[in-house]
Amino acid sequence: MPSPHEAAWENLEQTLNAGLTLRQAWDLVIDFHSGTSPADYWDKVRALNVDADQPALASWMAQIISDSPLPENIIAIWLGITKFWDEEEEKEYYAVYLAGADSYDADDAEWACDAAYRPANKYIIPDIPNDVDELIKTDEENYSFLDWILPLAYTALAFNDIIKTRLDKSGFLKNQTSLPVTVGFDDGDFISIQPLSK
């Protein structure tokens, strides 16, 4: 029998590869976790408008490439998930950043540690992971687990959808016919999503 982490990972991979809309995919992720860790907050998590951030996230990606074109040697894109501390509000926020690398290994994200492309304005703070965090952070029993899988699941599903349906990829593909895209934590798990392809 797989561990909870293995089962959650398998659910994410299957959902990511199912060809669903972001809304459908997010609902499947919530179905899985609400079934394994029942709690009162799941209806509120499910009710979040996961499509609301999509235009801003797609525009952010397009603006980065417009302002800081990819050098010829960049062959892979990393969408990193990190947290920022806001001293004024005394609160942590999830952020996503875009970087590029001149090497790539699908099985080892070490390539992302030495990014050769670090554009200006590379960070964005999406609402959904932070809204989810507010809803689940009182769950002492499951928080550390959900704080791992839900931000990764949302970010992977959201950017997978953007690459498939919302993004003009031409700015990314001036020097390459395809760029693998990986989403992950700086110091942890990662998952490959839809590549940027012509």
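FYI, it's all coordinate maths here, none of it is from the lab. No experiment lies behind these values; they were computed from the predicted model shown. Here the Cβ positions follow ideal geometry from the backbone for every residue, glycine too, while neighbour counts run over all protein chains shown.
Considering Cα pairs under 8 angstrom that are at least six residues apart, work out the relative contact order of the chain and quote it in whole percent. Let's see the in-between values first.
Working: 281 pairs, mean separation 46.8, N = 198.
It comes to 24 percent, rounded to a whole number.
Take a quick pass over segment 4-197 and tell me how many lysine pairs come in under 16 angstrom between Cα atoms, counting only ones 8 or more apart or on separate chains.
Working: Lys44/Lys137; Lys83/Lys91; Lys83/Lys122; Lys83/Lys137; Lys91/Lys137.
The number of close lysine pairs in segment 4-197 is 5.
Which of the GluC sites (Glu not before Pro) across segment 89-198 are loop residues per DSSP, with 10 or fewer other Cβ within 10 Å?
Counting only loop positions with at most 10 other Cβ atoms within 10 Å, the GluC sites (Glu not before Pro) in segment 89-198 are Glu89, Glu90, Glu140, Glu141.
Counting helices only, and only those DSSP H runs with n ≥ 4, report the 222 nm mean residue ellipticity of the chain as the sum of -39,500 (n - 2.57) divided by its residues, in deg cm²/dmol to the nearest 500. If you can, show how the numbers build up before the last one.
Values: 6 runs with 81 residues, N = 198.
Here the helix-only value at 222 nm equals -13000 deg cm²/dmol.
In Å, what is the Rg of the alpha-carbon atoms in the chain, and how long is Dmax?
That works out to 16.6, 50 Å for Rg and Dmax.
Using alpha carbons only, how many degrees (0 to 90, rounded to 10) separate the axis of helix 4-16 from the longest principal axis of the chain?
50 degrees
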